Amino acid sequence: MNYLPATNPILSVIVTCYNDGLFIEEAINSVLRSDFRDIEIIVVDDCSTDDYTKRKLEELERSGIKIIRLPENKLVGNSRNKGIAESKGKYILTLDADDRILPDYIGKSVTALEKGFDVVYCNVKRFGNDDSVRVAPEYSLPRLLAGNFISSCSAFTRNMWESVGGYDTSLKNYEDWEFWVHIAVKGGKFFHINEVLFEYRARENSKISRTVDPAKRASVVEYVCTKHAGAYREQVTQIVPYLHGIIASAENNLAEQAQLLGGPESASLLSKLRFAEDELKRKTEYYENSFFWKLKKFTDKLRGK
């Protein structure tokens with residue numbers, strides 16, 4: 001692999017790596033196959049401890065890829081901020097070192113960004129331990145405040161990154177959700193490309209699999225609600241009905257699956273569906289018990305509604 005970055009790149013691809021030596025070349029090759037060439041690639045190594053990863057990063061560096069080595073592990077939000085700070089592009093795309101993008105993702109993202117959008121996201125195909133496709137919904141602020149549906153591998157403007165102060169490095173999980181919420185609160189414009197242009201590697205020790213703990217999720221929801229209290233106060237009357245609608249749909253799906261599926265192999269799927277439903281109920285209860293919801297009910301009572 002011989003890589004020569006653009007002199008004045010329009011978009012910078014920030015690849016974050018922690019012990020991902022087995023996959024990082026695959027991730028970078030997916031970027032190099034892009035049909036948009038005005039780019040630079042920067043790899044940020046979050047203090048990898050694996051010898052194979054260290055050797056692979058040295059190989060990539062000799063091929064022309066810029067490697068930023070951090071002296072200590074401080075998680076992905078910090079790595080992205082460090083990479084973006086040293087990049088040149090007016091647009092940014094973040095990519096984890098074990099994932100891949102399709103050749104036309106960058107070009108289509110730049111086209112949308114050039115039209116004045118601040119964030120561009122797409123649909124996601126999982127591979128590895130899973131082969132499902134996640135079709136992202138069209139953007140709405142209440143839906144984003146209720147929970148994340150925008151992948152971490154999305155394109156955004158440098159100006160907006162600077163405006164919100166980058167990724168919140170106090171978060172160990174879901175820092176991408178808080179980043180999108182912060183941009184939305186700042187009035188950012190979001191564009192959904194309704195195509196699968198990003199491929200997420202599903203594996204047992206992946207970041208998502210490590211963050212399914214309900215207590216961790218609840219802690220992040222509380223943090224984000226508190227940090228962006230104004231937005232939640234304004235949107236809570238739309239967030240709660242939206243979550244109730246999801247719960248109703250989940251309950252219907254559970255009933256249908258229970259009728260259609262039979263035998264022991266169905267138990268695992270039904271268990272996962274029930275877990276998802278319970279998570280939604282907990283999130284809805286949180287919002288309904290929040291200060292914002294109680295304040296809304298109180299003001300409605302004063303107004304005679």
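What follows draws every value from the coordinates through simple rules; no lab data is involved. Treat the numbers as computed from the prediction; the structure is a model and nothing was measured. For neighbour counting, all protein chains shown are included, and Cβ atoms are generated from backbone atoms with ideal geometry for every residue, glycine included.
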Exercise for the section: Figure the gain on full extension for Asp51 and Glu234 (residue separation times 0.36 nm, minus the Cα-Cα span) and round it to one decimal in nm. Expected result: 60.9 nm
Handout entry: Net charge contributed by nearby residues that have their C-beta within less than 12 Å of Arg134 (K/R +1, D/E -1)
Key = -1
Fill in the blank from the handout: Karplus ³J(HN,Hα) for the stretch 124-138 (6.51 cos²θ - 1.76 cosθ + 1.60, θ = phi - 60°; Hz, whole; x = Gly/Pro) runs 10, 10, 8, 9, x, 7, 8, 10, 8, 10, 9, 8, 6, x, 5
Handout entry: Rounded to whole Å, sorted largest first: equivalent-ellipsoid semi-axes of the stretch 11-211, Cα gyration tensor
Key = 24, 18, 18
Practice task
Would you mind computing, in nm to one decimal, how far apart the modelled labels at Ser219 and Asp35 are, each placed 7 Å from Cα along Cα→Cβ?
Solution key: 4.5
Practice task
Please work out the FRET efficiency for the pair Glu72 and Thr226, using the Cβ-Cβ distance as r and a Förster radius of 25 Å; give the result to the nearest 0.05.
Solution key: 0.35
